[in-house]
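**Q** This is the structure, below, for whatever I ask next.
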Amino acid sequence: MIRNDAPITPELVREHGLKEDEYERFKALIGREPTLTELGIVSAMWNEHCSYKSSRIHLRTLPTKAPWVIQGPGENAGVIDIGDGQAVVFKMESHNHPSFIEPYQGAATGVGGILRDVFTMGARPIAALNFLRFGAPDHPRTRHLLAGVVAGIGGYGNSFGVPTVGGSVGFHERYNGNILVNAMAVGLAKADEIFYAKATGVGNPIVYLGSKTGRDGIHGATMASAEFDDTSEEKRPTVQVGDPFAEKLLLEACLELMKSGAVIAIQDMGAAGLTCSAVEMGAKGDLGIELWLEKVPCREEGMTPYEMMLSESQERMLMVLRPGLEAEAEAIFRKWGLDFAIIGKTTDTLRFVVKHHGEIVADLPIKELGDEAPVYDRPHISNVFRQAIAPETVAAPVSNVEALKRLVGSPDLCSKRWVWEQYDHLILGNTVQAPGGDAAIVRVEDGPKGLALTTDVTPRYCEADPVEGGKQAVAEAWRNITAVGGKPLAVTDNLNFASPERPEAMGQLVGCIRGIGEACRALDFPVVSGNVSLYNETNGQGILPTPTIGGVGVLDDVRKHATLAFKREGDVLIVIGETKGWLGQSLYLRDICGREEGAPPPVDLAAEKRNGDFVRHLISSGLVDTVHDCSDGGLAVTLAEMAMAGGIGALVPECPVDLPCNAFLFGEDQGRYVIAVDGDSAPDILYSAASKGIPAVILGMTGADSLTLPGEEPISVAELRTAHERWLPAYMSGEIAPTP
């Protein structure tokens, strides 16, 4: 613990994550040496996690507007209009560093934080998703981290009462020292009743709401803005402790208070706690803030101003209330068993003044705490894009049916049922499509309208070519939503990268943002919220660049949606989109051939748009009810997943294009869907596709209880399912050796 009267030394400045020139900049800004509390405040406001000082200039290039966007980046969450006076509020954030140090609480509080971001805007959360990446299965910590993270997500979400409906789990040795835990929340609100963080009015009361403040989470934001080393375990005290039951009470109390008309502005106490929430509310409203820390409800004795300002204790809110309604507001919070305290007021000074028993412990210019934070255009270099790999140069080391069996049972492609069965995905009663499909579907209130939700990115593509990888991440999310019949509307992103101080890593960030922007513009799929998580590395080893995309789409009628499961025998199988047998960076090349190399598949955004719009029309018109996006593992894995989901096999008698069979089956060409349709409809669909310039080829037909690939012996659907379902539970129980 840092003493309240500790002298400001160069070592102390470094411990707060400030570089020497940044500290000098701060001193010049205030014209004197700071107090300890002021040093803590600026360390929180100017760290990477809160200020986006390395990414801000690049994030400005992203498209953020559309006629249906009510609120883009800059608030607690993004807001889009879905018609009928309804709005969807959503965002995704990371809790990577805390989850590596303490997996259960790190993941749990990540879920709690993102839920607060949503209901702070006046929305009731209706769904949660996640995106998880762990180290190699044979790494000694992977099993422990996976078990803790999944338990934390389930423990918090299930107790709070929100369905966890979708996500992604993958493994790679580059995450050995720095796992990824990205949490996404989606809420529903009235389009004309959105609440914002902008404070207004002078002399209005600032109110602390929720749970008491403790010493947990101090320096959490600073810790999240630094790379790990061998001493990371010592940072365990910076991980917050969550209470989902208190958060549920906080949700209900906040929504009730919002209906009362008492709320002027509201801000979640997330990263950097009271510091960040108070500064942001005042700065957005061009107002000053005065806080009285002796009024802050504390659960520990003798907490110093420094500790109170930097604590990241969970389940807390800060509000600006309308004068005269304090008693009504307090009665609501007391009814829900939560703390309520007036801890300050708004002023016209544009100063952030913090007092403790009358003593001024901080007096800083409020706007400059955000506006004058360093903004870096860091040196960045473009990674050398790998050479394309010609399909004919990749010899098949095993039979195609053996390769398929290995792939569907591999750590990345195996069933994640062991994970999602620990989440309550049915609570609230509106989950139409559970985890395991291309996108989750959640009914909006009583329907018939629904939302299609997904999280996705392919990090190995981003490593090989950041621009194409960024494009592909957006296109993949767009395809996932389209494959169930949803109209994609907007995205939230979570940009997970290594140290921006390394030009190679910064080049990955810049390239991926460029690719994301290109795809969002081409697909009319704007970015409305997001998070940047940098310094994801340990002892100089960075993670794979992982710009996670969370997509949201709308279905006019959830009864008219598609699933990936084969439903009938005798349906004709058609692949929409062009197949060139692209094996560069494919899972076949990596997991079957042992070669993690080559350029990733290029993304033709115009073709993505044409193909997706065509498939969505087929679903909405009732012509197609079986669709699966073709991605990792190519056509063979796509067909296997459809067969396993429906319990019906398929026959693919021959390779319909002039390619080596392994490239045809396992190539990861983009912009493709496999659909199953009755024989009478197939000719019309093929003709319609041709008239629009959309490639469409018949693959074969559904039927029997086995999957037959060209030139191969049939493999039973039951055998595929056994391989698919076995690996993860066997790995987690220790039944099988942890092979990467």
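The values are calculated or read from the model by the stated rules, or taken from the named source; none is laboratory data. These figures come from a predicted structure and were not determined experimentally. All Cβ positions, glycine included, derive from the backbone under ideal geometry; neighbour counts span all protein chains shown. In case anyone asks, the SASA skips ligands and DNA or RNA and just uses the protein heavy atoms, side chains included. Shrake-Rupley method; radii C 1.70, N 1.55, O 1.52, S 1.80 Å.
**Q** Among residues belonging to the stretch 568-579 that are in contact with a strand residue (DSSP E or B) (Cβ under 8 Å, 6 or more places away or on another chain) and surrounded by 15 or more Cβ atoms within 10 Å (Cβ to Cβ), point out the one that is nearest to GLY633 (Cα to Cα).
**A** From the stretch 568-579, those in contact with a strand residue (DSSP E or B) (Cβ under 8 Å, 6 or more places away or on another chain) are 568-577, 579; that's our starting set.
If we keep only those that are surrounded by 15 or more Cβ atoms within 10 Å (Cβ to Cβ) as well, we get 571-577, 579.
Details: ASP571: 23, VAL572: 21, LEU573: 18, ILE574: 17, VAL575: 15, ILE576: 16, GLY577: 16, THR579: 13 Å.
Per the stated criteria, the residue is THR579.
**Q** Additional query: Within the stretch 430-506, which strands (runs of 3 or more DSSP E) (wholly inside it) include 3 or more residues that are more than 18 Å from the chain's Cα centre (by Cα)? I'd like the intermediate steps shown before the answer.
**A** Details: elements: 431-433, 440-443, 450-456, 487-496.
Once the strands (runs of 3 or more DSSP E) in the stretch 430-506 are filtered for at least 3 residues that are more than 18 Å from the chain's Cα centre (by Cα), what remains is 431-433.
**Q** Filtering the stretch 511-544 down to residues that are out of contact with any Lys or Arg (no Cβ under 6 Å at 6 or more places or on another chain) and of a type in the set (S, T, N, Q), which residue is farthest from LEU489 (Cα to Cα)?
**A** The qualifying residue farthest from LEU489 (Cα to Cα) is ASN539.
**Q** Test of understanding: among PRO683, PRO653, which residue is open to solvent by 30 Å² or more (accessible area, probe 1.4 Å) and either among the hydroxyl-bearing types (Ser, Thr, Tyr) or not in a helix (DSSP H, G or I) (or both)? I'd like the intermediate steps shown before the answer.
**A** Details: PRO683 fails: either among the hydroxyl-bearing types (Ser, Thr, Tyr) or not in a helix (DSSP H, G or I) (or both).
So the residue among PRO683, PRO653 that is open to solvent by 30 Å² or more (accessible area, probe 1.4 Å) and either among the hydroxyl-bearing types (Ser, Thr, Tyr) or not in a helix (DSSP H, G or I) (or both) is PRO653.
**Q** Checking the condition under 24 Å from ALA645 (Cα atoms) and either open to solvent by 20 Å² or more (accessible area, probe 1.4 Å) or of a type in the set (Gly, Ala, Ser) (or both), which residue from GLY584, GLY553 passes?
**A** Values: GLY584 fails: under 24 Å from ALA645 (Cα atoms).
Being under 24 Å from ALA645 (Cα atoms) and either open to solvent by 20 Å² or more (accessible area, probe 1.4 Å) or of a type in the set (Gly, Ala, Ser) (or both) holds for just one of GLY584, GLY553, which is GLY553.
**Q** Next question, about the same structure. Report, by residue number, each residue of the stretch 279-309 that is within 26 Å of the chain's Cα centre (by Cα) and either open to solvent by 10 Å² or more (accessible area, probe 1.4 Å) or among the polar types (S, T, N, Q) (or both). Explain how you work it out, then say what you get.
**A** Kept after step one, since they are within 26 Å of the chain's Cα centre (by Cα), are these residues of the stretch 279-309: 279-281, 284.
Those that are within 26 Å of the chain's Cα centre (by Cα) and either open to solvent by 10 Å² or more (accessible area, probe 1.4 Å) or among the polar types (S, T, N, Q) (or both): GLU280, LYS284.
**Q** What about ALA403, is it within 19 Å of SER586 (Cβ to Cβ), buried (at least 17 other Cβ atoms within 10 Å of the Cβ) and in contact with a Phe, Trp or Tyr (Cβ under 8 Å, 6 or more places away or on another chain)?
**A** Against the criterion (within 19 Å of SER586 (Cβ to Cβ), buried (at least 17 other Cβ atoms within 10 Å of the Cβ) and in contact with a Phe, Trp or Tyr (Cβ under 8 Å, 6 or more places away or on another chain)), ALA403 qualifies.
**Q** What are the pairs, 6+ residues apart or on separate chains, where a residue within the stretch 394-418 that is without any contact (Cβ under 8 Å) to a residue 40 or more places away in the chain has its Cβ under 8 Å from a residue that is assigned to a helix (DSSP H, G or I) and open to solvent by 20 Å² or more (accessible area, probe 1.4 Å)?
**A** Close Cβ pairs satisfying both conditions: none exist.
**Q** Okay, moving on. Residues to consider are ALA645, ALA689, ALA696; find the one that is within 26 Å of SER399 (Cα to Cα) and buried (at least 19 other Cβ atoms within 10 Å of the Cβ). Don't jump to the end; show me each part of the working.
**A** Details: ALA689 fails: within 26 Å of SER399 (Cα to Cα); ALA696 fails: within 26 Å of SER399 (Cα to Cα).
Exactly one of ALA645, ALA689, ALA696 is within 26 Å of SER399 (Cα to Cα) and buried (at least 19 other Cβ atoms within 10 Å of the Cβ), namely ALA645.
**Q** Is it the case, given these coordinates, that ASN430 is open to solvent by 30 Å² or more (accessible area, probe 1.4 Å) and touching a residue at least 60 places away in the same chain (Cβ under 8 Å)? Spell out the reasoning first.
**A** Details: open to solvent by 30 Å² or more (accessible area, probe 1.4 Å): yes; touching a residue at least 60 places away in the same chain (Cβ under 8 Å): yes.
Yes: the conditions hold for ASN430.
**Q** Please find, among ILE694, ILE698, the residue that is assigned to a loop (DSSP other than H, G, I, E, B), hydrophobic (A, V, I, L, M, F, W, C) and under 37 Å from the mean Cα position of the chain (by Cα). Step through it out loud before you land on a result.
**A** Details: ILE698 fails: assigned to a loop (DSSP other than H, G, I, E, B).
Answer to the check: ILE694.
**Q** Is it the case that some residue within the stretch 613-627 is buried (at least 24 other Cβ atoms within 10 Å of the Cβ) and under 24 Å from the mean Cα position of the chain (by Cα)?
**A** Within the stretch 613-627, not a single residue is buried (at least 24 other Cβ atoms within 10 Å of the Cβ) and under 24 Å from the mean Cα position of the chain (by Cα).
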